[in-house]
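Okay, structure first, notes after.
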Amino acid sequence: MDAIILAAGEGARLKGWTSDKPKGMITLGNAPILEHIVQGLSKSGIQKINMVVGYRKNLVMSYFGDGSKFGIKINYIEQSTLSGTLDALKLGLKDISNHFILVPGDNYISSSSFLPLISNEKPVLLAGKADRWSKWGEIEFVGSKAKITFDNPEAFGRLHFTGIMKLDIDIAENLISADGRHIGEALQKIEEDVNFDVIRSDYWHNIVYPWDLIDGNRLALQNLFLSKSGKIERNVTLKGPISIGSGSVICSGSYLEGPISIGDNCVIGPNTFVGSSVSIGDNTRIGAFCEIKDSILMSDSVIGSYNSIVGTVVGNGTETGTNVIANPSNRQVTYLDHTVSLSNRGSMIGNRCNIGNRAVLDGGSILLEGATIGEGEVYNADFQGDTI
């Protein structure tokens, strides 16, 4: 059986983190979102992937190559104009097997979620619970028949279509002919003619806004591959599942409580606490006497001494001074004209930001790429620009 991955989009709502890469290359658990998908399909027995690429396609193609290092064959098809998921599906049908798995390439899904789809003889929709309305639609049952609806604005805890499905070429061609705005809407138009099974996954997370990365990272770290290749100095405590990359150093007096993923060539401490659900990208330096919990620190970041960073995303190449505080809170946030209520979230800091000594970032603060926060500033706004 083959698979199609739709990976052409930029991820406009994550533009503080996608100027140099597509959304699917943002890392969760120190691996790109797309890598989690490719590895999952390979482990589930899929032989070939048609990956539809577009925005920053060369980065995706150079990372995955022909797929051989992931145990799978990957073909690339370019969507030169980003004209939607139905057009991408049409492009992906080239030389595909009659039955195949369709996967959007920009949401986290665990490898174990694919096997029930592959083993089912019928067409299948994969469902998951969402914290907000999903663009793919909610799944309701009328008798034994699954239906897609976009009518109910109350999303929390309801069963939503993930965009992941098992189908055949005939169903795919009917979806394309139905001419909806996207796959979820097209499904509405053909659902009377197709009897889909529905399988639920508890290991899917809808990545739409920056704060979604925190929950996706937590899920990814539940499947952490353990490796300790770095140097661990004296009087370091390691507790729980922790992966430490090659060339990394955990300095004396530090305490790490997993799950934690640390990339290559990182330096942590001395006397720093790293709590659970933390991913630290390659070449990142964390100074002395810091507290880091429930956060993503992307590659090439520099975190000064005496920082407290909790529930926060720190983009590639960002630098913070000493005594910086970015702790979580509960508040309403307006981001790209969309207002949401955030619970226990810290700051969302884009790539290549610079944060001065003693700055305080209130929970829910959003800094897009290249933002600068001055020394001693207290920042609690919904940030939309490039500088402050």
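The values are calculated or read from the model by the stated rules, or taken from the named source; none is laboratory data. As the structure is a prediction and not an experimental result, all values here were calculated from the model. FYI the Cβ positions are ideal-geometry reconstructions off the backbone, even for glycines, and counts take in every protein chain you see.
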I'd like the residue in region 92-117 that is surrounded by fewer than 20 Cβ atoms within 10 Å (Cβ to Cβ) and either among the hydrophobic types (A, V, I, L, M, F, W, C) or over 18 Å from Gln47 (Cβ atoms) (or both) and, out of all such residues, is modelled with the highest pLDDT.
Leu93
Subset of region 158-186 [out of contact with any Leu (no Cβ under 7 Å at 6 or more places or on another chain) and either modelled with pLDDT of 90 or more or closer than 16 Å to Gly128 by Cβ (or both)]:
Arg158, Leu159, His160, Gly163, Asp168, Asp170, Ile171, Glu173, Asn174, Ser177, Gly184
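So which residues in region 234-270 are hydrophobic (A, V, I, L, M, F, W, C), in a strand (DSSP E or B) and closer than 20 Å to Thr27 by Cα, if there are any at all? Steps first, answer last, please.
Restricting attention to region 234-270, the residues satisfying the condition of being hydrophobic (A, V, I, L, M, F, W, C) are 236, 238, 242, 244, 249-251, 256, 260, 262, 266-268.
Going one step further and asking which of them are in a strand (DSSP E or B), we end up with 238, 242, 244, 249-250, 256, 260, 262, 267-268.
Within region 234-270, Ile242, Ile244, Ile260, Ile262, Val267, Ile268 qualify.
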Which residues, counting only those in region 118-157, are buried (at least 16 other Cβ atoms within 10 Å of the Cβ) and modelled with pLDDT of 90 or more?
Ile118, Pro123, Val124, Leu125, Leu126, Ala127
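Could you name every one of the strands (runs of 3 or more DSSP E) located completely within region 27-110 that has at least 2 residues being without any contact (Cβ under 8 Å) to a residue 40 or more places away in the chain and over 21 Å from Ile183 (Cα atoms)?
Numbers: elements: 48-53, 73-78, 99-104.
Passing ranges, in order: 73-78.
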Out of Lys239, Lys228, Lys166, report the one residue that is more than 24 Å from Ala3 (Cβ to Cβ), charged (D, E, K, R) and surrounded by 13 or more Cβ atoms within 10 Å (Cβ to Cβ).
Lys228
Selected residue (only one of Asn283, Asn271 is over 20 Å from the mean Cα position of the chain (by Cα), of a type outside the set (Val, Ile, Thr) and under 18 Å from Glu319 (Cα atoms)):
Asn283
Please verify whether region 76-89 includes one or more residues that are surrounded by 16 or more Cβ atoms within 10 Å (Cβ to Cβ), at pLDDT 95 or above, closer than 25 Å to Leu224 by Cβ and more than 21 Å from the chain's Cα centre (by Cα).
no
Is there any pair with a first residue in region 224-247 that is at positive phi and a second that is of a type outside the set (A, V, I, L, M, F, W, C) and in a strand (DSSP E or B) whose Cβ atoms are under 6 Å apart and which are 6 or more apart or on different chains, and what are they?
Gly240/Glu257
Which one of the conditions (1) in a strand (DSSP E or B); (2) modelled with pLDDT under 95 does Ala3 fail to meet, given that it meets all the rest?
(2)
Failed condition for Ile207, given (1) touching a Gly at 6+ places or on another chain (Cβ under 7 Å); (2) not in a loop (DSSP other than H, G, I, E, B), with all others met?
(2)
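Mind listing whichever residues of region 19-34 are over 16 Å from Arg218 (Cα atoms) and either surrounded by 24 or more Cβ atoms within 10 Å (Cβ to Cβ) or at pLDDT 95 or above (or both)?
Here is the first cut: in region 19-34, the ones over 16 Å from Arg218 (Cα atoms) are 19-25, 34.
Matches in region 19-34: Pro22, Lys23, Gly24, Met25, Leu34.
Considering only strands (runs of 3 or more DSSP E) fully contained in region 271-388, which possess at least 3 residues that are surrounded by fewer than 19 Cβ atoms within 10 Å (Cβ to Cβ) and either in contact (Cβ under 8 Å) with a residue 40 or more places away in the chain or assigned by TED's automatic domain parsing to the domain that holds Ser246 (or both)? Reasoning before the result, please.
On the way: elements: 278-280, 291-293, 308-310, 329-335, 338-345.
In region 271-388, 329-335, 338-345 are the strands (runs of 3 or more DSSP E) which contain 3 or more residues that are surrounded by fewer than 19 Cβ atoms within 10 Å (Cβ to Cβ) and either in contact (Cβ under 8 Å) with a residue 40 or more places away in the chain or assigned by TED's automatic domain parsing to the domain that holds Ser246 (or both).
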